[in-house]
Amino acid sequence: FLEKNPNYVVTGTGAIIIDLKGNELYRFLNEERDEKIRERIFFRNPFFASSTLFRRNIFEKVGGYDENLKGAEDWDLWLRMGKYGKFYNLPFYGIKYRLPPLNPHRFINMRQVLKFTKKYRYDYPHYYRSRLINWLKMCYTFFPKPSFLENWLLRWRYTKNIKA
């Protein structure tokens, strides 16, 4: 794909989501086209990092992964690389993705997201709306929740935009 489309800098695939025992839970395809990916890029990470291919020259130009970030290095990388070209997700399931247990440090991760996305507020659409939603997500992590509700919310997050 990248050889035939020189104006694209990052491409990824969908994923088969599995549990800790390797059983398939569901399948998920991210937004496919550049315009849709850019519209949603502040709301959630648009790529499964292990499914991505990207241009090495752009990767080096933007300085690679920011090792100062914890838990969102790839997302920050896509935002930086997107300033030099387009995004695309191939419409097939290229990886199996093990759904991690709920992270007790998700508050810290969301703080990182709020911090680094601010740098790109003029480069992508819907920054202020996503900032409010992400801030509310961060606040939500403080409330105790029954495990069944957290599992349902996690699945809803990943299955909301499933394409058959």
Could you please tell me which pairs satisfy a Cβ distance under 6 Å, a separation of 6+ or placement on different chains, a first residue in region 14-37 that is aromatic (Phe, Trp, Tyr), and a second residue that is part of a strand (DSSP E or B)? Tyr26/Ile17; Phe28/Gly14; Phe28/Ala15; Phe28/Ile17
Any residue at all in region 122-140 that is assigned to a helix (DSSP H, G or I), small (Gly, Ala, Ser), under 30 Å from Thr11 (Cβ atoms) and at pLDDT 65 or above? yes
Could you list all residues from region 71-85 that are over 14 Å from the mean Cα position of the chain (by Cα) and either surrounded by fewer than 17 Cβ atoms within 10 Å (Cβ to Cβ) or among the hydroxyl-bearing types (Ser, Thr, Tyr) (or both)? Lys83, Tyr84
Being of a type outside the set (S, T, N, Q), surrounded by 12 or more Cβ atoms within 10 Å (Cβ to Cβ) and modelled with pLDDT of 75 or more is the filter here; which residues of region 100-121 pass it? Val113, Leu114, Lys115, Phe116, Tyr120, Arg121
Kindly indicate whether any position in region 46-58 is under 27 Å from Trp135 (Cα atoms), surrounded by fewer than 15 Cβ atoms within 10 Å (Cβ to Cβ) and not small (Gly, Ala, Ser). no
Kindly establish whether Tyr65 is more than 17 Å from Gly12 (Cβ to Cβ) and aromatic (Phe, Trp, Tyr). no
Could you please tell me which pairs satisfy a Cβ distance under 6 Å, a separation of 6+ or placement on different chains, a first residue in region 50-77 that is free of Cβ contacts under 8 Å to residues at least 60 places away in the same chain, and a second residue that is outside any helix (DSSP H, G or I) and among the charged types (D, E, K, R)? Glu73/Asp66; Asp76/Asp66
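The values are calculated or read from the model by the stated rules, or taken from the named source; none is laboratory data. Given the structure is predicted, the values throughout are model-derived calculations rather than measurements. Cβ atoms come from the backbone with ideal geometry, glycine included; neighbour counts cover every protein chain shown.
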